[in-house]
Each structure stands twice: as C-alpha cells, then as structure tokens.
Amino acid sequence: MKNKIVPSQKETQTKLVTITGVIDGDTFDTNDGERIRLFEIDAPEYPKGCMGVDAKARLETLILNKKVAIEKIKKDNFGRILGYIYLDKLLLNEVLTEEGHFTPQRCKVIFQRIYTFLMFFDNLRCQQQIFYI
C-alpha cells in the first residue's frame, strides 16, 4: 500500500495595486488590468435598488484611486480574481460585512488571514515601500 501524500498548502499571492474603477459593491479593476472580486462575500447587485448603489458607493469611497493589497485566493467562473482586500491594516472583506453592505457567502472565519497579511504589511513598511500618516 502506497503512502498517501498530502499536498502542502499553497502560498497565497499578495501584491499592492491601485484601484482604477469600481464595478459594483464587490468587484473592481486594478491598474494592472485585473478584475478583482471580494472573496467569500456577496454585495447586492448594482444598480438594482438602493442597497446595490450604497454598496458600490461605499467601496468607491474606500478604495477608488487608492493603493490596496490583494491576497489572491483563486479565480471564479468569470475569470475574476477572488481575494482578500486590505487598505492599510483593515481587511475590507470584514469591514464591509460588519457595516452591512455584504452578505457572507460562507461561515468561514476570515480573521486567520489578518495575521498573515500583517506580517506582509509590516515587511513592506520595513522596506519603506509604504508609509503611515
């Protein structure tokens, strides 16, 4: 009987990008031409109803023309990158869910991602690639 090999957990890819456009409350475009969707959450459809308009407006206020870090998880059926989005040290997937703009798609706790990202963020700060105000 052969030993079962358990694959190691893939390392996620995190990179800094500037947001060039917001499509709706959970999808946006980056300066490198990628379309990103917030992972594990679902915003109301834009422009259907005031909730969709509010969700898009809130996301625009937070990230449009700003530099954010994206922790890429995988691609969806539409070719969009699904990921966790960080503005400074805030995990936007979590913040927007707490504000009531999104519905969690899964009951999975996303706090585990915060620690991993904070290590990445502190490394960037130490390399003087990002500054706090």
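Some points to look at:
- Residues in the range 75-92 that are touching a Phe, Trp or Tyr at 6+ places or on another chain (Cβ under 8 Å) and farther than 16 Å from residue 56 by Cβ: 82, 83, 84, 86, 88, 89, 91.
- Pair list, Cβ under 6 Å, 6 or more apart: the range 40-61 residue in contact (Cβ under 8 Å) with a residue 24 or more places away in the chain, other residue aromatic (Phe, Trp, Tyr): 41/102; 43/102; 52/46; 56/46
- Candidate set from the range 26-46 (those that are modelled with pLDDT under 90 and either at negative phi or outside any loop (DSSP other than H, G, I, E, B) (or both)); member that is surrounded by the most Cβ atoms within 10 Å (Cβ to Cβ): 43
- When restricted to residues that are more than 9 Å from the chain's Cα centre (by Cα) and assigned to a strand (DSSP E or B), the range 88-99 contains 1.
- Any chance residue 60 is closer than 15 Å to residue 96 by Cα, outside any strand (DSSP E or B) and either of a type outside the set (Lys, Arg) or modelled with pLDDT under 95 (or both): yes
- Residues satisfying the stated conditions in the range 47-67, i.e. aliphatic (A, V, I, L, M) and farther than 14 Å from residue 27 by Cα: 51
- Summed over the range 47-57, residues that are more than 16 Å from the chain's Cα centre (by Cα) and either crowded, with 20+ Cβ neighbours inside 10 Å or part of a helix (DSSP H, G or I) (or both) total 7.
The values are calculated or read from the model by the stated rules, or taken from the named source; none is laboratory data. Keep in mind the model is a prediction, meaning the values are calculated, not measured. Note: ideal-geometry Cβ built from the backbone for every residue, glycine included; neighbour counts use all protein chains shown.
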